[in-house]
């Protein structure tokens with residue numbers, strides 16, 4: 001019994017770790033499943049707005065996952081989706097009011113995309129596919145990992161677009177940091193591709209990132225296939241050597 005308990009203890013933590021980290025690369029909502037592309041294109045013109053939207057999604061996704069997991073056994077199957085939408089919209093209303101109160105510039109910049117979090121496929125999808133089938137802890141970890149993966153994707157897009165369009169990375173303009181400034185400053189007239197500040201720039205950046213990730217994935221598969229072929233050839237070689245060895249031993253015995 002003690003051995004079984006030890007085994008369960010050792011396998012539980014890695015499972016939760018994988019549950020948390022899967023949203024960053026392996027199952028990234030934006031770059032793998034292409035979810036949430038509307039905000040990924042519309043609010044990622046700067047790093048700050050990208051981070052702001054990501055933080056709102058973290059708040060909503062984690063709390064909605066927890067609540068759905070808590071009451072999953074009390075929700076009739078016929079009204080599951082409407083119930084999830086009500087839960088999500090409650091938290092979206094909360095973050096909207098908090099953002100308007102403490103980060104007015106961010107609220108005005110994100111605009112309609114804050115209430116549109118209610119219909120974000122990522123949040124509703126995690127509630128339906130994961131939180132409604134797992135315990136509270138796993139649901140919270142899943143929500144946090146997926147939301148941080150979404151935030152990471154938005155920030156990567158926003159960082160690229162802002163730097164390419166303005167030649168600098170500004171801070172303190174949208175988030176209440178108490179100080180404003182910019183880093184990585186370049187001469188604006190020498191380094192300014194305004195197209196990246198618009199929707200077309202969002203498509204270009206996302207397309208380039210997806211192409212790079214796809215190239216990396218294809219390269220991994222090629223390496224894995226080469227390694228598999230080498231292993232098969234090595235097994236064939238060893239089997240042939242054993243066969244020859246047996247034939248030599250048999251011939252020696254007959255002599």
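So the values come out like this:
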{"item": "Scan of region 56-79 for residues that are out of contact with any helix residue (DSSP H, G or I) (no Cβ under 7 Å at 6 or more places or on another chain) and either under 22 Å from residue 110 (Cα atoms) or in a helix (DSSP H, G or I) (or both), ordered by number", "result": "71, 73, 74, 77, 78, 79"}
{"item": "Region 51-75, residues that are surrounded by 23 or more Cβ atoms within 10 Å (Cβ to Cβ), under 19 Å from residue 94 (Cα atoms) and either over 19 Å from the mean Cα position of the chain (by Cα) or modelled with pLDDT under 95 (or both)", "result": "68"}
{"item": "Among the residues listed as 163, 203, the single one being in contact with a strand residue (DSSP E or B) (Cβ under 9 Å, 6 or more places away or on another chain) and assigned to a helix (DSSP H, G or I)", "result": "163"}
{"item": "Test: residue in region 125-139 that is buried (at least 18 other Cβ atoms within 10 Å of the Cβ) and closer than 18 Å to residue 38 by Cα", "result": "yes"}
{"item": "Of the criteria (1) exposed (fewer than 10 other Cβ atoms within 10 Å of the Cβ); (2) touching a helix residue (DSSP H, G or I) at 6+ places or on another chain (Cβ under 8 Å), which one residue 201 fails", "result": "(1)"}
{"item": "The listed residue being under 18 Å from residue 153 (Cα atoms) and touching a residue at least 12 places away in the same chain (Cβ under 8 Å), out of 68, 30, 92", "result": "30"}
{"item": "Region 1-50 - residue that is buried (at least 22 other Cβ atoms within 10 Å of the Cβ) and assigned to a helix (DSSP H, G or I) and, of those, modelled with the lowest pLDDT", "result": "39"}
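The values are calculated or read from the model by the stated rules, or taken from the named source; none is laboratory data. What you see is a predicted model, and the numbers here were worked out from it, not measured in a lab. Please note: Cβ atoms are built from the backbone with ideal geometry, for glycine as well, and neighbour counts cover all protein chains shown.
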